[in-house]
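The values are calculated or read from the model by the stated rules, or taken from the named source; none is laboratory data. All values reported here derive from a predicted model rather than from experimental measurement. Glycine gets a Cβ as well: all are built from the backbone with ideal geometry, and neighbour counts include every protein chain shown.
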Ligand code: BGC
């Protein structure tokens with residue numbers, strides 16, 4: 001057992017943030033004005049034909065949900081605000097929706113939970129996607145009025161901003177695998193445009209926030225999907241490096257790529273769950289000649305392997321940037337809650353180890369507080385510390401949630 005076995009407690013620094021992470025579309029319900037709503041109406045897009053029509057009904061039950069975060073002794077929470085609610089038509093802002101998010105943020109503040117607010121977490125308004133969405137030349141121009149409005153109307157309540165969630169995953173899922181809207185496959189040109197636009201959008205949002213609220217930390221969340229060589233053969237090492245480059249970098253000038261974690265920011269936000277092995281395969285020209293497959297180990301509901309020991313290396317790679325690091329997402333898709341509890345203790349041990357190595361980790365946001373709508377996989381994946389009855393919406397804290405609460409209360413691991 002990782003906890004209570006009598007070893008020395010591993011303490012985290014005072015003020016360390018213990019939180020969970022979520023996104024609007026995955027929990028709110030009735031989010032009709034964005035691309036995902038339209039997408040999920042199309043047969044075959046979502047596992048079992050699941051819909052986010054109700055999701056966790058969090059839009060109406062946010063008080064109850066925030067009370068549960070309090071019960072878990074959280075001092076931070078990462079959430080996203082839904083652009084398509086706030087700006088349902090281009091240039092038209094909905095004061096009622098802004099009030100709603102003010103209420104949510106105020107409730108978090110009243111419970112002493114610091115909100116980290118994400119501006120774009122995978123969903124975009126229909127009016128924006130009709131004009132070409134993130135692949136369009138006008139993408140940044142379309143996004144920024146919402147950003148300005150969010151800063152003006154919500155900025156006083158926001159503890160930290162996360163501009164964009166996982167640009168490389170968003171672009172790959174929407175334009176390469178087709179798992180997300182707009183469902184393109186193998187469209188490398190658009191994938192490049194999307195990440196280029198998201199890079200510009202991040203920089204513009206960063207500058208806008210710093211101008212109005214210089215003291216509020218701003219970053220973005222980069223998804224660190226690890227690609228490891230399948231063998232020590234040179235060609236497999238090159239294959240792994242190629243796959244890693246595609247997820248880790250975005251264009252900063254025509255033909256020039258740079259690491260996403262090097263973007264202008266006050267902190268580095270890192271999401272890490274999985275790794276795959278990479279082997280060179282001459283029969284796969286469309287995917288950079290790389291065959292990707294799972295390493296040995298138990299497979300999660302997402303179909304990937306999650307090994308807690310990868311976290312320390314992922315964090316150590318960031319040490320050279322000498323910036324505060326927040327783990328914006330990490331978790332396990334399983335309905336075996338004892339596995340989640342074990343994983344949580346082990347992964348936090350790795351985080352602690354990385355801090356001993358000199359990485360300035362300031363907080364950990366577990367994905368996620370409640371079992372929710374896992375995009376194309378619908379309700380088949382259980383990442384939550386709290387279960388949600390799909391019929392009654394009743395919430396129940398799982399033992400892993402209680403374990404996480406004990407860690408947050410102790411500000412450390414007990415062994
Ligand atoms: C996304 C979340 C998602 C999680 C688990 C992350 O890439 O930001 O929205 O639920 O992974 O798949």
For this session: Go through the residues of the stretch 102-116 one by one and say whether even a single one is closer than 22 Å to residue 169 by Cβ and surrounded by 21 or more Cβ atoms within 10 Å (Cβ to Cβ).
Result: yes
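Looking at 345, 378, 363, 353 in this structure, which one is away from the ligand (no atom under 16 Å from the Cβ), modelled with pLDDT of 95 or more and more than 23 Å from residue 113 (Cα to Cα)? Talk me through it step by step, then tell me what you get.
Numbers: 345 fails: more than 23 Å from residue 113 (Cα to Cα); 378 fails: away from the ligand (no atom under 16 Å from the Cβ); 363 fails: more than 23 Å from residue 113 (Cα to Cα).
It is 353.
Working carefully through the options 267, 180, find the one that is in contact (Cβ under 8 Å) with a residue 24 or more places away in the chain, touching a strand residue (DSSP E or B) at 6+ places or on another chain (Cβ under 7 Å) and over 15 Å from residue 119 (Cβ atoms).
On the way: 180 fails: touching a strand residue (DSSP E or B) at 6+ places or on another chain (Cβ under 7 Å).
Of 267, 180, the one residue that is in contact (Cβ under 8 Å) with a residue 24 or more places away in the chain, touching a strand residue (DSSP E or B) at 6+ places or on another chain (Cβ under 7 Å) and over 15 Å from residue 119 (Cβ atoms) is 267.
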For this session: Output the number of the condition that residue 322 fails; it satisfies all remaining conditions of (1) free of Cβ contacts under 8 Å to residues at least 40 places away in the same chain; (2) closer than 25 Å to residue 267 by Cβ; (3) surrounded by fewer than 23 Cβ atoms within 10 Å (Cβ to Cβ); (4) within 16 Å of the ligand (Cβ to nearest atom).
Result: (4)
Exercise. Regarding residue 314, is this residue in contact with a strand residue (DSSP E or B) (Cβ under 7 Å, 6 or more places away or on another chain) and either free of Cβ contacts under 8 Å to residues at least 12 places away in the same chain or not in a helix (DSSP H, G or I) (or both)?
Worked result: no
Problem set entry | Restricting the stretch 218-249 to residues that are away from the ligand (no atom under 16 Å from the Cβ) and not in a helix (DSSP H, G or I), the residue that is nearest to the chain's Cα centre (by Cα) | 218
For this session: Taking residue 383 as the residue in question, decide whether it is within 16 Å of the ligand (Cβ to nearest atom), assigned to a loop (DSSP other than H, G, I, E, B) and either crowded, with 16+ Cβ neighbours inside 10 Å or under 17 Å from the mean Cα position of the chain (by Cα) (or both).
Result: yes
For this session: Hey, can you tell me all the residues within the stretch 274-299 that are assigned to a loop (DSSP other than H, G, I, E, B) and out of contact with any helix residue (DSSP H, G or I) (no Cβ under 9 Å at 6 or more places or on another chain)?
Result: 282, 283, 284, 294, 295, 296, 297
